[in-house]
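Asks: Let me give you the structure first, and then I'll get to my questions.
The values are calculated or read from the model by the stated rules, or taken from the named source; none is laboratory data. Given the structure is predicted, the values throughout are model-derived calculations rather than measurements. Note that each Cβ is placed from the backbone with ideal geometry, even for glycine, and that neighbours are counted across all protein chains shown. Side chains included, ligands, DNA and RNA excluded: accessible areas come from the protein's heavy atoms. Shrake-Rupley method; radii C 1.70, N 1.55, O 1.52, S 1.80 Å.
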Amino acid sequence: MWFVRAPTSRRSFLAALLVVVVLAGACAGQAPEVPLGPDGSPDAELVVGREVYQRRCANCHGADGGGGTGPKLADGAVVVQYPDPAEHRAVIAEGRNAMPSFSGSLSTDEIDAVVRYTREVLG
Ligand code: HEC
């Protein structure tokens with residue numbers, strides 16, 4: 001009956017809209033995926049780096065490294081600032097001003113991984 005079908009389709013339209021909005025929101029909060037290598041799988045260290053970045057850094061530096069409470073890291077910003085990855089690494093391990101020190105809560109492997117992820121995936 002027409003008077004039953006109209007509200008039903010409006011409801012499913014709203015439900016579909018809600019799904020789209022929720023998915024878009026979730027995607028906006030995700031750090032960029034690690035691209036697949038020549039062998040068809042992503043670099044394992046970069047995958048660890050992404051996970052660390054997402055969990056520990058994105059809230060201040062932005063999911064895509066575009067900046068927030070902390071400065072922009074992406075689009076070459078950090079590579080220009082720290083041509084030597086060892087200096088980049090030192091900021092993360094030791095902290096500076098409002099940037100927390102991570103040497104107590106991340107392993108050296110995790111710090112190495114997030115340095116590579118920042119330089120190679122965030123760019
Ligand atoms: C509580 C917020 C916060 C968190 C969490 C945080 N940072 Fe920072 N970060 C900052 C701030 C603020 C600065 C600027 C420090 C300064 O020089 O005054 C900064 C600076 C940096 C810099 C140097 C940037 C430059 O231009 O000199 C790097 C690299 C960096 N952070 C990486 C990371 C990584 C990697 C993580 C996660 C492991 C992380 N940060 C987590 C706030 C944060």
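Asks: Can you give the accessible area of E87, probe radius 1.4 Å, in Å² rounded to 10?
Replies: 90
Asks: Tell me the Kirkwood radius of region 44-122: reciprocal of the mean inverse pair distance over distinct alpha-carbon atoms, in Å.
Replies: 12.2
Asks: Treat each spin label as a single point 7 Å out from the Cα along the C-beta direction, and report the S41 to S105 distance in nm.
Replies: The two pseudo-label positions are separated by 3.1 nm.
Asks: Enter the accessible area per residue of region 44-122 (Å², integer; probe 1.4 Å; all protein chains in place).
Replies: Dividing the accessible area of region 44-122 by its residue count gives 53 Å².
Asks: Okay, next question. How large, in percent, is the carbon and sulfur part of the accessible surface of region 44-122 at a probe radius of 1.4 Å?
Replies: Carbon and sulfur atoms account for 53 percent of the accessible area of region 44-122.
Asks: Same structure again: What distance in nm lies between label points placed 7 Å from Cα along the C-beta direction at D84 and E33?
Replies: Output for this residue pair reads 3.7 nm.
Asks: From the phi of every residue in region 32-38, what ³J(HN,Hα) in whole Hz does the Karplus formula 6.51 cos²θ - 1.76 cosθ + 1.60 yield, where θ is phi - 60° and glycine or proline is x?
Replies: x, 5, 6, x, 6, x, x
Asks: Evaluate the distance, in nm, between pseudo-label points positioned 7 Å from the Cα of A98 and of E120 along their respective Cα→Cβ axes.
Replies: The answer from the label model is 3.1 nm.
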